[in-house]
Amino acid sequence: MRIAVVVGARPQFVKAAPVLKTLIARGHDAVQVHTGQHYDYEMSEVFFRDLGIPEPDHNLAVGSASHGRQTGEMLIALEPILEAAAPAWTLVFGDTNSTLAGALAACKLQLRVAHIEAGLRSFNRAMPEEHNRRLTDHCSDLLFCPSQTAVDNLRAEAITAGVHLVGDTMLDAILLCRDIARARSTILHDLAVSAGDYLLATIHRPYNTDDPARLAVLLDALAETGATVVVPVHPRTRQAIQAWPGLASGNLRLIDPVGYLDMLALLQNARAVMTDSGGLQKEAVFLGTRCVTLRPETEWVETIETGWNRLGGDSVKSILTALDEVLGNEPTEKPSYGDGTAAARIVDILTGELPQHVV
């Protein structure tokens, strides 16, 4: 069976890797299309190496642009590739512009679409990602959900056909790679930090990077933790922080983006992570690391409910309070995002080895 796999941003490489490996191991023809939404070596190529997946069959090299232009250029480039490949399924992942472009290009060609990580909702319509995930869900034929909350969200929007609760492929990836990261990564030695003696922080969403006042609050909060804070800096964020006077603070270690194995090593050895990334919130829980989400909401509500995660709020004080709370309270159980076999379930359903059904 031929299946097109559309990816474009670093979290999608992680989500796609277990599915690609399963497809290839079972002898299916996986046509991988990289839109080029993330294109720097540290944001793209290194992930294929670290995750042990083939280089893409097609790289659209779209690069950075406004949301409309970027999505439009992806649609133009994807259409002839999908038309020529004529896949049985087109797989899209998550909530980026690459996700929406892949889904729209496929459904307009009357090709079947499967959305992996379907059903997430932040209920914040100011987020571009919220529109991407909602529109993708409503034009998908199969919807693979990581949690019961995601299934419930879809049901509330009258989407029940083709919905499957499969778990999270990011957990699959963690289980495949965490021991490899321990054995291969030298990032802690390279940065001269020790396990449990630093915080890890990432900031990349426009909500945080495009508002100088908001960005200053976040950076001030990181500085006022008093801890060593390792900050892999997203390319979009680097220019925005140049004028911030707190860059002189000795406790912030601003570094270039790192590959998947190095990020796993940093994450599983950090005292806590402070992030606006959806993927890192889950990966922190998978690895037993506490998290503060630097946003007013999260799609991963189970991480809040079980005590592994706290919302940071909009002030330095509220962010520091959230950090104290998440470190000081004992979480209950880990939230359920499957058992690490989501990719196998997804491939079983795509290829007809497990029946499609209504949840």
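No value in this document is a laboratory result; all are computed from the given coordinates. The shown structure was predicted, so the numbers you read here are calculated from the model rather than taken from an experiment. We place every Cβ from the backbone using ideal geometry, glycine too, and count neighbours over all the protein chains shown.
Out of these labelled values of log10 I(q)/I(0) by the Debye sum over Cα atoms at q = 0.07, 0.11, 0.14, 0.15 Å⁻¹, (1) -0.42, -0.89, -1.21, -1.32; (2) -0.28, -0.71, -1.18, -1.36; (3) -0.36, -0.79, -1.12, -1.23, which was calculated from the coordinates shown here?
(2)
So how much slack lies between Gln242 and His138, counting 0.36 nm per residue of separation and subtracting their Cα-Cα distance, in nm? Working shown, then result.
Numbers: separation 104, 0.36 × 104 = 37.44 nm, distance 4.04 nm.
Length difference between fully extended and current span is 33.4 nm.
Under a 5 Å amide H to amide H cut-off, with H placed in plane at 1.01 Å, what residues pair with Gln37 once short-range neighbours are removed?
Val62, Gly63
Once amide H atoms are placed 1.01 Å from N in the peptide plane, what residues at a sequence separation of 5 or more from Ile255, or on another chain, have their amide H within under 5 Å of its amide H?
Val231, Val233
Along the range 335-341, what does the Karplus equation 6.51 cos²θ - 1.76 cosθ + 1.60 (θ = phi - 60°) give for ³J(HN,Hα), rounded to whole Hz, x for Gly and Pro?
Per-residue couplings from phi come out as x, 8, 10, x, 10, x, 10 Hz.
Please list the non-local residues whose amide H lies under 5 Å from the amide H of Arg310, H modeled 1.01 Å from N, same-chain partners needing a gap of 5 or more.
For Arg310, whose amide H was placed from the backbone, the distant partners under 5 Å are Cys291, Val292, Thr293.
If you plug each phi of the range 57-65 into the Karplus form 6.51 cos²θ - 1.76 cosθ + 1.60 with θ = phi - 60°, what whole-Hz ³J(HN,Hα) values come out, in order, with x for Gly and Pro?
6, 9, 10, 6, 6, 5, x, 7, 5
Among the lysines, select those whose C-alpha is under 16 Å from the C-alpha of Lys334, and discard any that sit fewer than 8 residues away in the same chain.
Lys282
Projected onto the charge dipole of the range 177-328 (+1 at Lys/Arg Cβ, -1 at Asp/Glu Cβ, origin at the Cα centre), which of Asn309, Gly279, Gln268 gives the Cα projection farthest towards the positive end?
Gln268
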